[in-house]
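The values are calculated or read from the model by the stated rules, or taken from the named source; none is laboratory data. Please read these numbers as outputs of a predicted model, since none were measured by experiment. Note that each Cβ is placed from the backbone with ideal geometry, even for glycine, and that neighbours are counted across all protein chains shown. These accessible areas exclude ligands, DNA and RNA; they are computed on the full protein's heavy atoms, side chains included. Shrake-Rupley method; radii C 1.70, N 1.55, O 1.52, S 1.80 Å.
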Amino acid sequence: GRAHTLEENWGTSGFELLIRPTMAFASLEEMDANARALQIVNLDMEANRVKVNEENLAVITKNLEDTKADAVSIVAIMGTYRTGKSFLMSLLMRYLRRWETAVSTAAKKTEIKATTFKKAELAAKITEGKSDEEAAAAGHKAAMEADKDIPDVPFPLPRNERWTMKGAKFAPPDWANDGVDNQTGSGVAGFEWRGGMTKCTEGIWLWSRPFILPFDGRNIAVLLMDTQGAWDGAMTKEQNATIFGLTSLMAAKLICNTQNMLTDDKIDAIDYFTTFAQAACTGLHDEGSPFGHLEFVVRDWPWYEKSSDYEKCKAMSEKHLHTLMHSELEGRKETSDRLSECFRKISCFCLPHPGLCVLEPDFQGEFDEISSDFFQLLDEFTRCFFQAGDFPKPAAPLGIEITPSTFENVLRNFVEAFADNRGSAVHLREAFVKVEIFKNRDVLLAQCQQKMKIVAPPNKPLDPEILDEKFQTVMIDMMKEFEMKIKPFKVHDEAEQIQDFKMQLGSVIGARRKENLAEIEAAQVKLVAAPVVGTGAFFMTGHPYVDAGLVVAALGWQANQRKIQMKKENIDHEVAIQVFNDGRKFIDNRIRDAHAITIAAHRCTPASALNQVMGGMGQVAQVAKAGAAVASVAGSSNESSSVMSNLSGPPMATIRAQPA
């Protein structure tokens, strides 16, 4: 019983689950050095167009792919001009950073424990001869000691229940100090922002460094999106709708940032977009709301009463939203219904004023100048907004989940729908259709690869003719399914989409076919050489003592090589495990060679055998000729260079051999 429990805690299954997250965290640490805000969409006010920044989009896409995440979640903010959107996003960034640090630290500690447990358990069995239960106990003891030097990162910390509005002052929450400059106390790190009236953010920006967080057993890459201030008098209604449209389409969680209170004009501006968005969605999405969570954040809220606790403040925020959404104004009910249908969730949180010092142009984010009430309610907001179980849900406009591989195409298509700042239901529908086609294509290509692994396992060579028959069946099935999925959309370039998918299928299948064929050709060489090698082996071995001596010598040589590579002074149990794995790999490859040689033998004809022999003799003759040339010109550097050119000769046949 005890040994079974230890195996569940630190055994192989748990260790394998940790491999991918820790690899993702390692890649993120490399990104930190270059982490910065990048503009990915530019709003050209004079030309009245939006366009993608290709260079910055490439950086974001590469970073997403490097994380090996399963999906992408986008937290976006849009809203009123000069209301502290970028400053708020920079603070939320710290909360996510602390969350990620807690997750990665826990994963690292568990991985260390799992590895230590396995090593100690094996050592107890091999070197000390202990029973399974005794060895498991030794492994558990070692695992408990292995991570004691790595401090835990508790998250989230309990909220400050002593706080009440306009009461005692408290320090900022612990997570807010992530990234703070210790010398100045400034928390500027993050999206660029500044005090005063001068605007800072133009277009749409993304923080280049994703945050990796777990959700439903998967790794989710979280991106933070900041946008140009709307309703500033400079942008038209259509341009405001463009900003809101692009951000709401991409975001799993969208913050609509406004000042003092929610007003009818803000609701109407949002409704302007949702009206044609809803029309664009008709027939494309039947289950649930097409967009994510819409959170109204009211800044500088002045109406909280003294001594109010968290629950009273949150109740007032929700009442404010309810009052506006259910007002008696004509058409307000229809607007409220449209928003409720378009967004999975709508909520509101009111934050008090952070203090008059933040309005100064020279304000640098010094925490000691920011209101204690602001920080305490901000802490409560982050708990509600990033609630476990609801976050980080992948961004999934119309149910089309965004992944690292589809992120670029999704963004491009949505930007194209708003290219002239006149997003319409027609353009938006075309964008949705393209995204859906990309999604179906990627899903079917993944299914194709899975089917190929079943009909043609990577570790088993097959007769090329049989393989072609199997692949032909797979390709026909995939093409039929893709045509069936694309037909309802009635796109004008249906034939081109089908041909493009066919070429992609051919590329995937062709790569596996080429690999298999190379292995069979290599097996033909081994088949022709088998009589020579076999005769030599017959005279060199055959006696059990000789055979045993050769095996021991080979194992000893391999163990010594591993010891050197692992920088060990002696051959210990870790080296022994590596040598064992090498031996198992060698046997697996020889079995695979045997399969390939069997197939080659069935396909071998006198003509093909002669070609193999003549090809081998030609290579030997070429090497001999080059060797004679080297001997005749030894000592001459000028002539040596010409000999090296002769050595290149015609290229030798590429042979794919299995590693020993």
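Numbers below:
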quantity: Estimated vicinal HN-Hα couplings, Hz - region 502-514 in sequence order (Karplus 6.51, -1.76, 1.60; Gly, Pro = x); calculated: 4, 5, 5, 4, x, 5, 5, 5, x, 5, 5, 5, 5
quantity: Surface accessible to a 1.4 Å probe, residue 43 within the full protein complex, Å²; calculated: 10
quantity: Estimated FRET transfer efficiency when R0 is 60 angstrom, pair residue 145-residue 500 (beta carbons, to 0.05); calculated: 0.55
quantity: Other-chain or far-sequence residues with amide H under 5 Å of residue 222's (modelled H); calculated: 73, 211, 212, 213
quantity: Per-peptide average of other Cβ atoms within 10 Å, ordering 84-93, 328-337 highest first; calculated: 84-93, 328-337
quantity: Length released on extending from residue 356 to residue 315, taking residue separation times 0.36 nm less the Cα-Cα span; calculated: 12.1 nm
quantity: 130, 480, 51, reordered so the largest accessible area comes first (probe 1.4 Å); calculated: 480, 51, 130
quantity: With all protein chains modelled, accessible area of residue 513 [1.4 Å, Å²]; calculated: 100
quantity: In Å², nearest 10: area of residue 484 left accessible to a 1.4 Å probe; calculated: 130
quantity: Too-long pairs where the Cα-Cα distance tops 29 Å, listed order kept, from 306/333; 480/514; 319/439; 51/439; calculated: 306/333; 319/439
quantity: Sequence-distant residues sharing a close amide H with residue 355 (under 5 Å, placed H); calculated: 371
quantity: Charge context of residue 571, other residues only, Cβ under 11 angstrom, K/R +1, D/E -1; calculated: 0
quantity: Listed residues 326, 293, 320 arranged by accessible area, highest first, probe 1.4 Å; calculated: 326, 320, 293
quantity: Listed pairs 130/567; 253/485; 118/567; 85/266; 314/345; 345/485 exceeding 25 Å between Cα atoms; calculated: 130/567; 253/485; 345/485
quantity: Long-range HN-HN contacts of residue 41 with modeled amide H, under 5 Å; calculated: 53, 204
quantity: Gyration tensor (alpha-carbon) shape descriptor, region 34-188, a/c threshold 1.5; calculated: oblate
quantity: Pair residue 340, residue 518: separation of 7 Å Cα→Cβ label points (nm); calculated: 6.1
quantity: Most to least accessible of 153, 575 (protein chains only, probe 1.4 Å); calculated: 153, 575
